[in-house]
Each structure stands twice: as C-alpha cells, then as structure tokens.
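Here's the structure we're looking at; comments come further down.
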Amino acid sequence: MPAAEVKASRRIEVPLNRVEGDLEIRVELQDGCVADAWSSGTLYRGIENMLVGRGSYDGLVITPRVCGICGTAHLTAAAMALDQITGASPPANGILARHLALLTEHLQSDVRHAELMFFADFVNPAYANCALHSEAVRRFAPFQGRAVVEAIKETRKVIEIIAILGGQWPHSSYMVPGGVSTVPKKNEILRCRHLLGQFRAWYEHRILGCSCARWAAIQSCADLDAWLDESLAHRAGDLGFFMRFAREASLDRIGRGHGNFLCFGQCAIPAGSAVRGPGGKSDCLVPGGFARGETVLPFDQEKVAEHVAHSWYEDYAGGRHPFDGVTRPFASGAEGRKYSWAKAPRYDGQPAETGPLAEMIVSGHPLFRDLVARGGPNVFVRELARLVRPVALFPAMEQWFAEIGPDEKFYTAPPRVEDGRGFGGTEASRGALGHWVKIAGGRIERYQIITPTAWNGSPRDSEGVRGPWEEALVGTPVKDPENPVELGHVIRSFDACLVCTVHTLEGRRALARTRI
C-alpha cells in the first residue's frame, strides 16, 4: 500500500471517573476518530447469587444495597416482583408512598449528575480557548463552583422526603408486598410538600431560568431556539448555559448510537387520582415501550434476554430470559474474546439504550422526537432530557402529596405464597430496571437483576453486536488522545453507574492509558 494510503491507527485505554464508580473504555482510533470501542465493567457484582437460598422477602433488604444512588428504585422493583408473586394489591396510599420516594430519587440524581458529573468536563483544559470556559470554571469547578455547591446543598434537602416516607436514605426497606411498612403523619406529609416546593423554586430559578409551565410549552426545535433567545434569565440559567456551551462544543454531533430506545414504564396511577400520563392517559405516569424510529411497541418483559458471549461468565448459547438466567462467573485471565463483568441484555434480539431520553421518546414528547429526528440521539439531547425530566415530575408529585391520606390505609396483608415467580420493572434514575424472582418452598430459588447501565454499557452480544454506548463512541473525533474529553462526554451522557474497582492490564503490557 502506498504511504499516502496508510491510515494512522492507535488503541488507547481510558479509565473513567465521575461515573458512580470506575469504568474502563478501550477505543481504536483511526485518523483521529473512534473506529471501534469496547466497554469493560471491571467488577463482579454477585448479589443474585448471594440471594439464592435466602428467605423470600430478603431481596427487600439486600437489593437496595446494589447501589447507593438508586436504592429506592431497586426496592421498588423488588417489592413489585413480590406483589406479583403473592397477588398483593397495595392500597392507593401505599402506591403513592412508593411513587413519591422513587420520583424524589430521580430529582436528586438528575440534578447531581448534570451539575457534578457531566458539566465538570466543561472545565477541562481542552476548552481553555472556548469563550464560555471562564464562566464554566466559576460555575462547575469540582467542589468549588457556584452551581456545584448549590446543587449539593439543595439535593441534600430534597432527599429528606425519602427519609421521612421510608425511615432512611439510602438503602431504605420500607416497601413490602401489599404496600409500605411506615405510615407518615399529617405533619410529615406537610414537611414533604414544603421540601418539594423549595426544591422546585430553586430548580426553576437556577436551572431553568423560567417556570416549569414555560418550559413545558416548548414543543419543537424552533421553540427551543426561541426560548433560548427570549430572555437573559433563560440564557443565564444552568440549562441555558449548557445549551450554549454544548453547541459551541458540537455535542449535538457525537454519541449517536443504535437509535433503539427501551422504557419499562413507571408509577401506575391509582384509581381516583387526578394525575394523568402522556396523552391524558390514566394508566401510568411514564409508559413502557420499545421504540425504533417512529415506531413504538408495547413493552413485553418476555422479550428480554441476557447474552454472555463476551462477558466473564460460563458460556451458554445465545441469550437467556432472566427467569432462566444463570450467573456463574468465569474469567481465565487470558481470554481476549471476553472483556466485561457486565452481561449483554437485549430486547427482542436488539441492543437498546435506556434512560430519560428513552422515556421521552417512548412517551411521544414532541420536542425530543423533533430533536432526535433532526440530529439522531446524541450527547446534547441525551443530557438535555435528563436535565429537564423534573419538569414533568413536579406536577405529579405535588398532586400525589395532596391526594395521600395520612389517616388512611397504607398496607394490605398479602396471602402467604411458598412458590411462584414474579417480575418487577420500573424506571430507575438511569433507565429501565428489572428484577426477576423465583420462589420455591418459601425461599429464593433464582434472582436476576438487569440494571440500566447493564443495558447501556453492555459488551457485545452473541452476534457480535456492540452495546449502546460502545456504538455511540464509534465515529467520535478525538482531538487529543492524551486528553480524550470527547469520550467522557459520550459515556457520561448515559449517566453511567458502576461501583469502584481496580483497573486491569492486557497480559503484562498496559495499553496507552489516559485518565479523564
């Protein structure tokens, strides 16, 4: 091949921080762009195997400890699975007490991720020549920036709602089959409403720069542009600053991915509630579904399967439904084909990204459908969806706090069931979360959990198809391989959540290694 035709190629390994634990990304660069990518989860979780043989309700105590950020979501999924197994029917108050804690967790997580995890990359020296860099440092410098300090203080306050409803946060265990085990008093409900109101006022002032009602009126890309130019307050808020910085940094041109979206749905609306979901429907606040392009199909948990062809587990052919899944760790230490402790979940044989953007697409939100139709799923639209998700949560939470009855029933005792199986699916802050449980003789026979990051950060499947953020990395231009901030943008737009662990080497030779 003539010298002019030879393409520069380089492989680098990038240990990522600010992803709720460490993650290792390997990419192959060709002519300054990512040509291929591998995502390695470097920790074996093992919670499922720990649960086998334990009492049927032990998952309510153990699974919230899978994660210190979204433990309420795990508790919700565990309780839903046991509701299904026992045939329990929680009263409206019990349902609302569950929903309000889960949505509070979303409020805290969405704001903290943006202000503490994602926006910190705007401070990176790679943007030193950007016109907005000095302002980014004043706002988002880790531990010092104005926005960072405020976000920590305000999110600490709002999370008290979960402590009031559930006794503690994180790792609450107040949800049980048939409802909840704690009964909030009238003054406690009033305290929760006060905390929510304070947080909303701060969010509208500092994040949006406008009322939630004004933001909710934005229905298209044209509306979004008009909103940004409409007021100095809009441009000065953290949302407006994000939009201006993201456009200058071309974040709308990277991180496209497969274009498949998965949402399990969340918050079934109790009979008699005035809350309505998208389109005025009365079934749930966030509908479940699988979307590709303009087509949205109803969610069916029977179509979920996990692959391990490229994961450090004992092999089996193809994918297995979680009710039939096994978790037998096996790592030879020299097996190049397998490279992650994460399994590879697939829906109807397809990889799918999950999270706030998926919720918006499945729900039919006109702004986000327009944004994706014009530019595909990308870093900008993914992070925008997360930053504005609270707009839709505040009205539902306020109404449910008004509807909850402190002196009414919060729990209905379920019948005792020795055998059965159940599925609990909900939306954690980062997307679709599922618990699949089998009970035999009053003890757990099988427990399988698929987290949002397992969907988004999966390795290749049995067909060799990349996981969602592996695919989203492909095509990303990297200006400086020693400081690949662009890769951090892509991964953090999914709000990765992994537990800290050690980094690995390939044999005795380390690849080129950069930390961002």
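Taken together, the values in this text are just the output of simple stated rules run on the coordinates, not laboratory data. Because the structure is predicted, anything quoted here is derived from the model rather than measured. In this analysis, Cβ positions are derived from the backbone assuming ideal geometry, glycine residues included, and neighbour counts consider all displayed protein chains.
Structure summary
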read-out: DSSP H segments from the chain that extend 20 Å or more along their own axis, Cα-based, with Kyte-Doolittle mean of -1.0 or above; value: 71-86, 92-112, 186-202
read-out: Surface/4 estimate of mean projected area, convex hull on alpha-carbon atoms of the range 183-250, nm²; value: 6.1
read-out: Within the range 3-513: Cβ-based charge dipole about Cα centre, in debye rounded to nearest 20 (Lys, Arg +1; Asp, Glu -1); value: 760
read-out: Helix-only [θ]222 nm of the chain, DSSP H runs n ≥ 4, -39500 (n - 2.57) each, per residue, nearest 500; value: -10500 deg cm²/dmol
read-out: Sites Lys185 and Asp223, calculated FRET efficiency, Cβ-Cβ separation with R0 41 Å, nearest 0.05; value: 0.40
read-out: Coordinate range along principal axes, alpha carbons of the range 257-391, Å, largest first; value: 55, 37, 25
read-out: Separation of the Ala317 and Glu398 label points, Cα + 7 Å toward Cβ, nm; value: 5.8
read-out: Distance in nm between pseudo-label sites at Ile152 and Asp348 (7 Å out along the Cβ direction from Cα); value: 4.6
read-out: Computed over the range 291-347, Cα set: Rg, Dmax in Å; value: 13.8, 44
read-out: Whole-Å distance, taken between Cα centres, linking the range 250-281 and the range 118-180; value: 22
read-out: When the chain is reduced to its Cα atoms, the Kirkwood hydrodynamic radius in Å; value: 23.5
read-out: Largest-first principal axis extents of the Cα set of the range 8-142 (Å); value: 59, 35, 21
read-out: Highest-first arrangement of 271-284, 157-170, where packing means the average Cβ count within 10 Å; value: 157-170, 271-284
read-out: Gap separating the Cα centres of the range 192-211 and the range 342-358, nearest whole Å; value: 32
